[in-house]
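To keep things clear, I will list the structure first and then write my remarks on it.
The values are calculated or read from the model by the stated rules, or taken from the named source; none is laboratory data. Quick caveat, the model's predicted, so the values are computed rather than measured. Here Cβ is always computed from backbone atoms with ideal geometry, including for glycine, and neighbour counts include all displayed protein chains.
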Amino acid sequence: MRIDKFLNAVNITKRRAVAEDMLEHKVVFINDQAVKKAKEVKVGDTIEIRYLEKTEKFKVLQIPNTKSTPKSKIEEYVQRID
């Protein structure tokens, strides 16, 4: 699954347009490399989002089969890394 779709599907971003904007401004990294929106996400990848004030890291546990997942199920797809 593409990174822009993945961020939206697992509720890391509220809308896919937000994910695309973040990718365009190079604040999303997969395995420490800035990526474009067409980058494929794989199980085991580390996604890092570098906001101005903070950084969030997630480990990909599984790829969703649907366009969206309930917010209560986010832990099945990504694990937050501190």
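Out of LYS37, LYS26, which single residue is touching a Leu at 6+ places or on another chain (Cβ under 7 Å) and in a loop (DSSP other than H, G, I, E, B)? The unique qualifying residue is LYS37. Applying the criterion of being among the charged types (D, E, K, R) and surrounded by 14 or more Cβ atoms within 10 Å (Cβ to Cβ) to the residues of the range 8-34, the residue that is nearest to LYS54 (Cα to Cα) is ASP21.
Under the condition of being basic (Lys, Arg) and either under 22 Å from GLN79 (Cβ atoms) or within 8 Å of the chain's Cα centre (by Cα) (or both), the residues counted in the range 17-55 number 4. In this structure, does VAL60 turn out to be within 9 Å of the chain's Cα centre (by Cα) and at pLDDT 95 or above? When the stated conditions are applied, VAL60 passes them.
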